[in-house]
1. Scan I151, I120 and give me the residue that is of a type in the set (A, V, I, L, M, F, W, C), farther than 20 Å from R236 by Cβ, at pLDDT 80 or above and open to solvent by less than 30 Å² (accessible area, probe 1.4 Å).
2. Consider the range 46-68. How many of its residues are open to solvent by less than 50 Å² (accessible area, probe 1.4 Å) and either closer than 18 Å to V86 by Cβ or under 27 Å from the mean Cα position of the chain (by Cα) (or both)?
3. Taking the range 99-117 on its own, how many of its residues are within 27 Å of V330 (Cα to Cα) and at pLDDT below 75?
4. Residues in the range 154-173 that are open to solvent by less than 20 Å² (accessible area, probe 1.4 Å) and of a type in the set (G, A, S): how many?
5. Could you give me the residue pairs with C-beta distances under 7 Å whose first residue belongs to the range 342-357 and is open to solvent by 60 Å² or more (accessible area, probe 1.4 Å), whose second residue is at pLDDT below 80 wherever it lies, and which are 6+ apart or on separate chains?
6. Counting only residues that are open to solvent by 80 Å² or more (accessible area, probe 1.4 Å) and either among the charged types (D, E, K, R) or modelled with pLDDT of 90 or more (or both), how many does the range 14-28 have?
7. Would the range 73-90 turn up any residue that is within 21 Å of L160 (Cα to Cα), in contact (Cβ under 8 Å) with a residue 24 or more places away in the chain and open to solvent by 50 Å² or more (accessible area, probe 1.4 Å)?
8. Looking at the range 199-231, which of its residues are open to solvent by less than 20 Å² (accessible area, probe 1.4 Å) and outside any helix (DSSP H, G or I)?
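The values are calculated or read from the model by the stated rules, or taken from the named source; none is laboratory data. A quick note: this is a predicted structure, and the numbers were derived from the prediction, not measured. Cβ coordinates were reconstructed from backbone atoms using ideal geometry, including for glycine residues, and neighbour counts include every protein chain displayed. Ligands, DNA and RNA are excluded from the accessible area calculation, which covers all protein heavy atoms including side chains. Shrake-Rupley method; radii C 1.70, N 1.55, O 1.52, S 1.80 Å.
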Amino acid sequence: MEGDHWPHRSCDGAGRNLARLRDRASQFFESLSVAELARETHRHLWISDWLRVADDYRTLAEAARETRSSPIAGEAWLCSLTALEVVRSLSCPGDAESAVLADEVGTSLRRLETEAGLAIERVRIDCFDQGALAGFFLPALRRGSAAPAVICVGDDDATLGSMMSRLLPAALCGAMSLLLVDAGNSSVDRSFKPEHRLQLWLDYLEARPDVDPRRIGIYGEGAGASHASRLALSDRRIAAAVCDGGLATTVMCQASLRLMTGFGPAVPDRVSSEAMLPQRRVPCPLLMVVGSRSMMWEQDALELQAGYRQIGADCTVVVPNNVPHPLGEVENFIAVDDFIFEWLDSKLGTARQLDPVTRL
């Protein structure tokens, strides 16, 4: 960190301050080394620096509120959220900062909505006698007659608030609407499969006049990547999918078969044989993110991509640059999120086409 914590020149154009901070955060992650990350003093110093950045932008947002400048306040709150997400990436469960991080993120999201005028719609769908589904809809900032939309499905142990705080700064200035949902944890009866719940969300988006029903994508993280694959496999209305390509389901099915019968192919730590590739292919353009976002190994993703390309299907693989350390690994979430939304825009919008395999 350079020590320039105060967000100077914050009134120089919508989005420019946020873009600079995200670029700064991305460069910070790219400069991390395994040796430095393993040193507790280094890690806590970085956490302290990025917390100070978040505090400075929060102060700027509050000052902008006093002058009734909603655009400046909104951008400052987005910058504060970005800095807090850097802290989340660097923090470990035992850190003192982890205990207050969720509260700070929640406060920033509420203030972003109430003081900066961000439109966050709380959506509830009644599922007959099965219970109810709840989610958040964020309309595209650059609105046309009907914008593309993306269903964002979180991991089973992640909150919608944590996913929103990370994705908002990456997607808010774009031309896509976001629908953040939880496919695994809801009041709906557990017998109601995740892909069926997601189909109800798809019905909801189709009925909205501000959503183009021909340009609806899905993006899943962690276990959500598997749920996204099953929806893309079963419903042709999905125009683009960021998922695991059905690979996790195949691995679990073969492992279950071996457990019940004592026979069947062994499942190695890395799935590398032709027999492990899913029998069904996702029919829409597909992006597989290697690592924790889809729990896929690089080799598995590349082999699955080769199978797709043999039949002329549209399949892209992105390999994030993660820095390992004793308590896990740190991901440049800025670079990954930016790539995912650029890919989605290339399939649902008018952005340029990307290379089939990208390493960040």
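1. It is I120.
2. Matching residues across the range 46-68 total 13.
3. Residues that pass the stated criteria total 1.
4. 3
5. Close Cβ pairs satisfying both conditions: E342/A351; E342/L354.
6. 4
7. So far as the range 73-90 goes, yes, one or more of its residues are within 21 Å of L160 (Cα to Cα), in contact (Cβ under 8 Å) with a residue 24 or more places away in the chain and open to solvent by 50 Å² or more (accessible area, probe 1.4 Å).
8. V211, D212, I216, G217, I218, Y219, G220, G222
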